[in-house]
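The values are calculated or read from the model by the stated rules, or taken from the named source; none is laboratory data. Please read these numbers as outputs of a predicted model, since none were measured by experiment. Methodologically, a virtual Cβ is constructed for each residue, glycine included, from the backbone with ideal geometry; neighbour enumeration extends over all protein chains shown. Only protein heavy atoms, including side chains, enter the accessible area calculation; ligands, DNA and RNA are left aside. Shrake-Rupley method; radii C 1.70, N 1.55, O 1.52, S 1.80 Å.
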Amino acid sequence: MTTHLLNTYAPAPEVFVGGDGAELRTQDGRVYLDFLAGIAVSALGHNHPRLVRALARQAELLCHTSLAGVTHENAALLAEEMVAVAPAGLSRVFFSDDGSTAVEAAIKMAAQLWRNADRPEKSRFVALDGAFHGETVGAASLGGIEVFRRPFAGVLFECLRAPFPGGDDAYGEVFRALERLLRERGHEIAAVVLEPLVQGASGMRIYPESYLAAARRACTESDVLLIVDEVFTGYGRTGAMWACDLAGVAPDLLCTAKGFTAGVLPMAATLATERLYDGFRGPGRALMHGHTFCGHPLGAAVAREVLAIYRDDRVLDGVAPRAARIAAAMARIATLPGVQRVRSLGMVGAADLGDGGYHGAAGPRFYDAARRRGLYLRPLGDTVYVCPPLTIPLAELDLLLDGLHDAIVEATA
Ligand SMILES: *Cc1c(COP(=O)(O)O)cnc(C)c1O
């Protein structure tokens with residue numbers, strides 16, 4: 001993204017050299033609290049000692065083998081363990097490298113499934129306005145944020161879109177439009193792709209569980225696959241293991257990355273139902289998609305340890321008390337002048353300064369005000385948000401939320 005080319009928010013970026021829990025240490029010895037868990041990745045905090053040990057242990061044994069006709073223990077066991085924590089009906093696991101490739105794999109599975117079933121006309125994808133599903137061409141084609149689409153407009157494939165009208169019940173209208181699309185054009189649609197409950201990159205916009213459940217029913221009625229992109233929402237971010245769990249929804253395909261290795265290595269997974277799996281069995285029907293690093297042994301060892309820590313430390317049980325503190329802080333922030341659309345769900349809290357949007361001036365002012373308070377974050381334009389590590393100690397969380405409040409006051413003064 002642009003940040004690799006130039007630093008969006010002057011002055012020059014910090015040089016981080018160390019991490020521990022929710023803390024990041026700079027080259028010159030200052031300590032920041034990490035608001036963002038490194039873009040919702042370090043769900044267990046930085047450098048969790050069990051994850052570092054699991055990585056080192058596996059590195060001594062075997063760093064790489066592919067899954068091309070062979071397997072290795074951690075990939076096989078990880079697949080079993082993922083199925084055990086997945087929403088009902090997801091019984092098969094495809095490994096890849098990051099969130100974008102997890103989505104890319106889901107797109108291609110959906111497309112080839114209908115071809116294999118002699119229904120090649122079912123080749124369209126539906127995605128929402130404001131959607132973000134990653135950076136590769138397929139995933140970016142689903143993307144509905146204009147500033148990310150425009151530079152690549154000539155090569156992205158066209159989706160069917162449920163438009164986002166704005167207004168009080170915008171999502172009600174979005175999902176009614178989605179249901180209309182499914183009724184009228186379901187025969188040409190391969191899949192609907194959704195960020196469940198939170199549209200992250202377009203500004204941490206949150207919608208009700210009932211809409212996700214209704215989308216599931218509508219997909220089933222028109223025999224369209226439902227792909228949920230839990231790259232951001234998964235691993236407890238919204239309060240349950242998966243946002244789908246909150247809505248009681250069982251998708252056909254589920255994409256996970258970010259929290260999957262808790263930031264230790266890039267690795268991802270696409271989970272699928274038995275129906276998907278069966279659709280690729282038999283001569284000439286194999287899924288024509290695979291990655292060099294599928295089921296990478298180091299990543300698989302770390303991802304298994306992540307799940308073990310979630311079990312042993314009951315990480316999800318720790319979310320509710322932290323979520324309550326975030327909600328209380330956001331309620332206090334909602335009373336400040338110049339702040340709009342304050343919202344929170346689980347361990348995500350967000351508010352718009354000014355009118356929101358990607359090009360406002362309050363976001364950069366807030367970034368500076370927060371940095372001076374030792375808080376690391378990166379607003380999405382004028383939207384400020386927090387998604388700290390799920391395991392952040394309560395005392396640090398309180399510091400962070402107080403700092404958030406004060407930095408907003410300063411930025412909107
Ligand atoms: C971050 C993100 C992606 C892309 O993941 P990468 O690992 O950056 O490729 C896809 N979908 C959602 C919802 C995300 O938040």
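Computed values, structure above
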{"quantity": "Any pair with Cβ under 9 angstrom, 6 or more apart, that starts in the stretch 385-413 at a residue that is under 16 Å from Ala324 (Cβ atoms) and open to solvent by less than 30 Å² (accessible area, probe 1.4 Å) and ends at one that is of a type in the set (Asp, Glu) and part of a helix (DSSP H, G or I)", "calculated": "Pro388/Glu396"}
{"quantity": "Some residue of the stretch 385-396 being touching a Leu at 6+ places or on another chain (Cβ under 8 Å) and over 20 Å from Gly200 (Cβ atoms)", "calculated": "yes"}
{"quantity": "Complete set of residues in the stretch 247-260 that are closer than 30 Å to Arg325 by Cα, of a type outside the set (Val, Ile, Thr) and crowded, with 20+ Cβ neighbours inside 10 Å", "calculated": "Ala247, Leu254, Cys255, Ala257, Lys258, Gly259, Phe260"}
{"quantity": "Qualifying residue in the stretch 154-175 (condition: assigned to a helix (DSSP H, G or I), open to solvent by 10 Å² or more (accessible area, probe 1.4 Å) and small (Gly, Ala, Ser))", "calculated": "no"}
{"quantity": "Failed condition for Arg281, given (1) over 17 Å from the mean Cα position of the chain (by Cα); (2) surrounded by 15 or more Cβ atoms within 10 Å (Cβ to Cβ); (3) in a loop (DSSP other than H, G, I, E, B)", "calculated": "(2)"}
{"quantity": "Every residue from the stretch 131-142 that is more than 9 Å from the ligand (Cβ to nearest atom), farther than 12 Å from Ala106 by Cβ and open to solvent by less than 10 Å² (accessible area, probe 1.4 Å)", "calculated": "Ser141"}
{"quantity": "Sole exception among (1) surrounded by 24 or more Cβ atoms within 10 Å (Cβ to Cβ); (2) touching a Pro at 6+ places or on another chain (Cβ under 8 Å) for Arg237, by number", "calculated": "(2)"}
{"quantity": "Long-range neighbours under 9 Å by Cβ, at least six apart or interchain, first residue among the aromatic types (Phe, Trp, Tyr) within the stretch 210-224, second assigned to a helix (DSSP H, G or I)", "calculated": "Tyr211/Tyr171; Tyr211/Gly172; Tyr211/Val174; Tyr211/Phe175; Tyr211/Leu178; Tyr211/Ala247"}
{"quantity": "Condition met for Lys122 (basic (Lys, Arg) and within 16 Å of the ligand (Cβ to nearest atom))", "calculated": "no"}
{"quantity": "For Ile227: the one exception among (1) more than 14 Å from the ligand (Cβ to nearest atom); (2) buried (at least 24 other Cβ atoms within 10 Å of the Cβ); (3) not charged (D, E, K, R)", "calculated": "(1)"}
{"quantity": "Considering residues of the stretch 65-114 that are within 16 Å of the ligand (Cβ to nearest atom) and not in a helix (DSSP H, G or I) only, the residue most open to solvent (accessible area, probe 1.4 Å)", "calculated": "Asp98"}
{"quantity": "Selected residue [open to solvent by less than 10 Å² (accessible area, probe 1.4 Å), in contact (Cβ under 8 Å) with a residue 60 or more places away in the chain and not aromatic (Phe, Trp, Tyr)] from Gly186, Gly200", "calculated": "Gly200"}
{"quantity": "Residue identified as open to solvent by 20 Å² or more (accessible area, probe 1.4 Å), within 20 Å of Ser96 (Cβ to Cβ), of a type in the set (Gly, Ala, Ser) and within 16 Å of the ligand (Cβ to nearest atom) among Gly299, Gly263, Gly290", "calculated": "Gly263"}
{"quantity": "Members of the stretch 319-349 that are open to solvent by less than 30 Å² (accessible area, probe 1.4 Å) and within 20 Å of the chain's Cα centre (by Cα)", "calculated": "Val319, Ala323, Ile326, Gly346, Met347, Val348, Gly349"}
{"quantity": "Verdict on Asp223 being in a helix (DSSP H, G or I) and acidic (Asp, Glu)", "calculated": "no"}
{"quantity": "Subset of the stretch 186-220 (residues that are outside any loop (DSSP other than H, G, I, E, B) and within 17 Å of Gly89 (Cβ to Cβ))", "calculated": "Ala191, Val192, Leu194, Leu212, Ala213, Ala215, Arg216, Arg217, Cys219, Thr220"}
{"quantity": "Whichever residue in the stretch 357-388 is in a loop (DSSP other than H, G, I, E, B) and among the basic types (Lys, Arg) and, among such residues, is nearest to the chain's Cα centre (by Cα)", "calculated": "Arg378"}
{"quantity": "For Thr3: the one exception among (1) at pLDDT 90 or above; (2) hydroxyl-bearing (Ser, Thr, Tyr); (3) within 16 Å of the ligand (Cβ to nearest atom)", "calculated": "(1)"}
